[in-house]
Amino acid sequence: ELPMPTETHQRILGNLYRLVFESVARHGGVVVFSAFKMRVGEGRFREPDLLALVDSTDARRGDDFWTGADLVVEIVSPGNADHDLVTKRAEYAAAGIAEYWIVDPEAASVLVLALDAGGYVEHGRFTPGQTLTSPLLPGFELAMDDVFAAG
């Protein structure tokens, strides 16, 4: 049984959705948030906290579920970090997800991973006071203070 999202989790998700949506939508993309399914393999699905396609006409986009994404964001649940750091990391890499962000509310950090030769390499680990950048979204900058801002 998966842990239910906390208010902190939902606040961070809302902040990220608003901030990522503003950039991605402006450039013709689309962003959705949980609970929405994405296929990661034959008969295997995940419900990432946030999914984005940089092109809203991408063939992977479907009304019932997506068959992939360009960007996936997961917010780590307390006591379940290995699931996001190990299991989902391997699944998303195998599914060809170009960029994967792992948000850790306890550490107030976002790890940005970029797909390279079938595996993820670390683009950066960002904390409050820093500016998150994305290899997938040139020119995209996100103030980390805004990600963890209280609502």
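The values are calculated or read from the model by the stated rules, or taken from the named source; none is laboratory data. Quick caveat: nothing in here was measured; it's all calculated off a predicted structure. Positions of Cβ are backbone-derived with ideal geometry, glycine not excepted, and every protein chain shown enters the neighbour counts. Remember, those area values only see protein heavy atoms, side chains included, never the ligands or the DNA or RNA. Shrake-Rupley method; radii C 1.70, N 1.55, O 1.52, S 1.80 Å.
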Mind checking which pairs have a first residue in the stretch 18-33 that is over 23 Å from ARG46 (Cα atoms) and a second that is acidic (Asp, Glu) and open to solvent by less than 40 Å² (accessible area, probe 1.4 Å), Cβ under 8 Å, 6 or more apart or different chains?
none
Would you point out the residue of the stretch 32-44, among those that are among the hydrophobic types (A, V, I, L, M, F, W, C) and touching a strand residue (DSSP E or B) at 6+ places or on another chain (Cβ under 6 Å), that is least open to solvent (accessible area, probe 1.4 Å)?
MET38
If only one of ARG60, ARG11 is part of a loop (DSSP other than H, G, I, E, B), more than 11 Å from the chain's Cα centre (by Cα) and either within 24 Å of SER109 (Cα to Cα) or not polar (S, T, N, Q) (or both), which one is it?
ARG60
Can we say ALA69 is modelled with pLDDT of 95 or more, out of contact with any His (no Cβ under 9 Å at 6 or more places or on another chain), surrounded by 15 or more Cβ atoms within 10 Å (Cβ to Cβ) and not in a strand (DSSP E or B)?
yes
Top-ranked residue in the stretch 96-151 [being under 19 Å from PRO48 (Cβ atoms), assigned to a strand (DSSP E or B) and among the hydroxyl-bearing types (Ser, Thr, Tyr); ranked as most open to solvent (accessible area, probe 1.4 Å)]:
TYR120
Yes or no: the stretch 45-53 includes at least one residue that is open to solvent by 50 Å² or more (accessible area, probe 1.4 Å) and either in a loop (DSSP other than H, G, I, E, B) or of a type in the set (D, E, K, R) (or both).
yes
When the stretch 11-24 is examined, which residues are found to be modelled with pLDDT of 90 or more and either surrounded by fewer than 15 Cβ atoms within 10 Å (Cβ to Cβ) or touching an Asp or Glu at 6+ places or on another chain (Cβ under 7 Å) (or both)?
LEU13, GLY14, ASN15, ARG18, LEU19
Restricting to the stretch 102-124, count the residues that are free of Cβ contacts under 8 Å to residues at least 60 places away in the same chain and within 21 Å of ARG11 (Cβ to Cβ).
9
Is there a residue being touching a residue at least 60 places away in the same chain (Cβ under 8 Å), more than 18 Å from HIS9 (Cβ to Cβ) and not basic (Lys, Arg) anywhere in the stretch 64-81?
yes
Determine whether ASP82 is open to solvent by 50 Å² or more (accessible area, probe 1.4 Å) and either of a type outside the set (Val, Ile, Thr) or modelled with pLDDT under 95 (or both).
yes
